[in-house]
Amino acid sequence: ADDVRAVIAYLRTRPDIDARRIALMGHSEGGMLAPMVAATDTQVAAIALLAGPAYRGRDILLFQNRQVIDASPNLSAAQRDSVYRTVPAQLDTLAKRNPWIAYFLDHDPLATIKRVRQPVLILHGDTDRQVTPEQADTLSATLRAAGNRAVTMRRFPATNHLFLTDGSGAPGNYAQLPDKQVRSDV
């Protein structure tokens, strides 16, 4: 977020930039950062959140790990459960080594989004299996409940986390997708 703030400060010094029209767009984790900046900088004109998270990082990473473990064909159900039980401790170990991971695991995006007063565009793919699509609904509802009426949300059918046409949304299948271009309607 501090890097984004530094870029905005620089842009505001440029005569070829209209400082009143600076907007932020963030994808995935960037969709967590854009509201952090907008909530503290009322001069940011608007934000766009593409597959932005509404849940704490710990919940997202637990879900993502569950998806990978469940998709492992060589593991029995008991082995899957055993592997899954190791994930929380592994996340805690990562958090001890990496301050960003520690912050990400515990940061509540909804507490931040409630403070955003600028117009917000929320875009999400309906087959996103990294940041689940109902999180777009949660962000939109939270913004509106906090009094922000300038909220536009759009979910795209058969669209994955990367905004590619994808009926399954499984991250392990990204490389095999025939079309690797962001959907034109996005």
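Kindly provide the set of residues from the stretch 13-22 that are touching a helix residue (DSSP H, G or I) at 6+ places or on another chain (Cβ under 9 Å) and either closer than 22 Å to Gly52 by Cα or touching a residue at least 12 places away in the same chain (Cβ under 8 Å) (or both), ordered by number.
Ala19, Ile22
Going by the conditions given, is Thr132 part of a loop (DSSP other than H, G, I, E, B), touching a residue at least 24 places away in the same chain (Cβ under 8 Å) and of a type in the set (Val, Ile, Thr)?
yes
Does His124 qualify as being in contact with a strand residue (DSSP E or B) (Cβ under 9 Å, 6 or more places away or on another chain), open to solvent by less than 40 Å² (accessible area, probe 1.4 Å), within 17 Å of Gly31 (Cα to Cα) and in a strand (DSSP E or B)? Even if it seems obvious, please write down each step before you answer.
Values: in contact with a strand residue (DSSP E or B) (Cβ under 9 Å, 6 or more places away or on another chain): yes; open to solvent by less than 40 Å² (accessible area, probe 1.4 Å): yes; within 17 Å of Gly31 (Cα to Cα): yes; in a strand (DSSP E or B): yes.
Criteria met by His124.
Can you go through Arg144, Arg155, Arg115, Arg85 and tell me which one is open to solvent by 70 Å² or more (accessible area, probe 1.4 Å), assigned to a loop (DSSP other than H, G, I, E, B) and not β-branched (Val, Ile, Thr)? Before the answer, list the steps.
Numbers: Arg144 fails: assigned to a loop (DSSP other than H, G, I, E, B); Arg155 fails: assigned to a loop (DSSP other than H, G, I, E, B); Arg85 fails: assigned to a loop (DSSP other than H, G, I, E, B).
Answer to the check: Arg115.
What are the residues in the stretch 70-82 that are surrounded by 11 or more Cβ atoms within 10 Å (Cβ to Cβ) and of a type in the set (A, V, I, L, M), if any?
Answer for the stretch 70-82, where residues must be surrounded by 11 or more Cβ atoms within 10 Å (Cβ to Cβ) and of a type in the set (A, V, I, L, M): Ala71, Leu75.
Please verify whether Tyr103 is of a type in the set (Phe, Trp, Tyr), under 25 Å from Gly169 (Cα atoms) and either outside any helix (DSSP H, G or I) or open to solvent by 30 Å² or more (accessible area, probe 1.4 Å) (or both), treating the condition exactly as stated.
So Tyr103 fails the test.
So is Leu94 over 20 Å from Ala146 (Cβ atoms), surrounded by fewer than 17 Cβ atoms within 10 Å (Cβ to Cβ) and in contact with a helix residue (DSSP H, G or I) (Cβ under 6 Å, 6 or more places away or on another chain) or not?
yes
Give the residues of the stretch 41-60 that are buried (at least 22 other Cβ atoms within 10 Å of the Cβ) and under 11 Å from the mean Cα position of the chain (by Cα), sorted by residue number.
Passing the criteria: Leu49, Leu50, Ala51, Gly52, Pro53, Ala54, Gly57, Ile60.
The values are calculated or read from the model by the stated rules, or taken from the named source; none is laboratory data. The shown structure was predicted, so the numbers you read here are calculated from the model rather than taken from an experiment. Cβ: placed from backbone, ideal geometry, glycine included. Neighbour counts: every protein chain shown. Quick note on the areas: whole protein, heavy atoms, side chains included, nothing else; ligands and nucleic acids left out. Shrake-Rupley method; radii C 1.70, N 1.55, O 1.52, S 1.80 Å.
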